[in-house]
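The values are calculated or read from the model by the stated rules, or taken from the named source; none is laboratory data. On a predicted model such as this, the values are computed, not experimentally measured, just so you know. Cβ atoms come from the backbone with ideal geometry, glycine included; neighbour counts cover every protein chain shown.
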Amino acid sequence: MKTMTRATGRYTDRRSARAPGQGLARPPASDRVRTAVGAVPDPMEPGARLLATINRRTDILELERSHGRISEAAYQTGRILQEAFERQSRLGSSSNWNDGGRVDMSERRELAIGYAVQDARKVLALLRRVEEAVGVVGARMLRAIIGDRVPFGAYAEARGRAGDRAVRDVAERFRWLLEEVADHFAARGPDRGRIR
């Protein structure tokens, strides 16, 4: 298993990143919010980077990356999977196809349905590639932890295991699965068009 000794990428590589004009944001005074200064892409200037205050407890991917427990490739792969899981859960739900001005509503609805079908195909193809890389059981674990936000401890308990050792085992398995999917995608490319 790959082990990162320290965080890399946006948390430690801050070369050529500039501070924003208003300065860095100050986190709220809370025990639940843990932040770090990192370098993120500048939305106003392609290729440039800005220093930013990053909430390390946003989700499991950010927490794992900020502590250097997963690689940058695994983090980015996790974000792709998160987008796919979220999109898959929204498909079939009511959409905002009738927002806007004067357009034939039946035409707008048909377009929305067409986009949803295209997205569903892309999401399913991506999820099949995940299963190809780590199997059905591994894909289910990634979906539970990334998509459904099930904590490691709850995942272990749902499988009849409890305690620190069980939580560590689940965490290590999650990291390994994510790294395997990242390697699989790197070998062949993520094969995903932009999910709308």
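Summary table
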| read-out | value |
| --- | --- |
| Pairs, first closer than 20 Å to Arg128 by Cβ in the stretch 154-183, second among the polar types (S, T, N, Q) and outside any helix (DSSP H, G or I), C-beta under 9 Å, six or more apart | Leu178/Ser71; Glu179/Ser71; Ala182/Ser71 |
| Number of positions in the stretch 141-186 that are surrounded by 14 or more Cβ atoms within 10 Å (Cβ to Cβ) and assigned to a helix (DSSP H, G or I) | 32 |
| Pick from the stretch 70-87, criterion in contact with a Gly (Cβ under 9 Å, 6 or more places away or on another chain) and not polar (S, T, N, Q), ranking: surrounded by the fewest Cβ atoms within 10 Å (Cβ to Cβ) | Glu86 |
| Which numbered condition Asp31 fails, given (1) under 25 Å from Glu179 (Cα atoms); (2) at pLDDT below 65 | (1) |
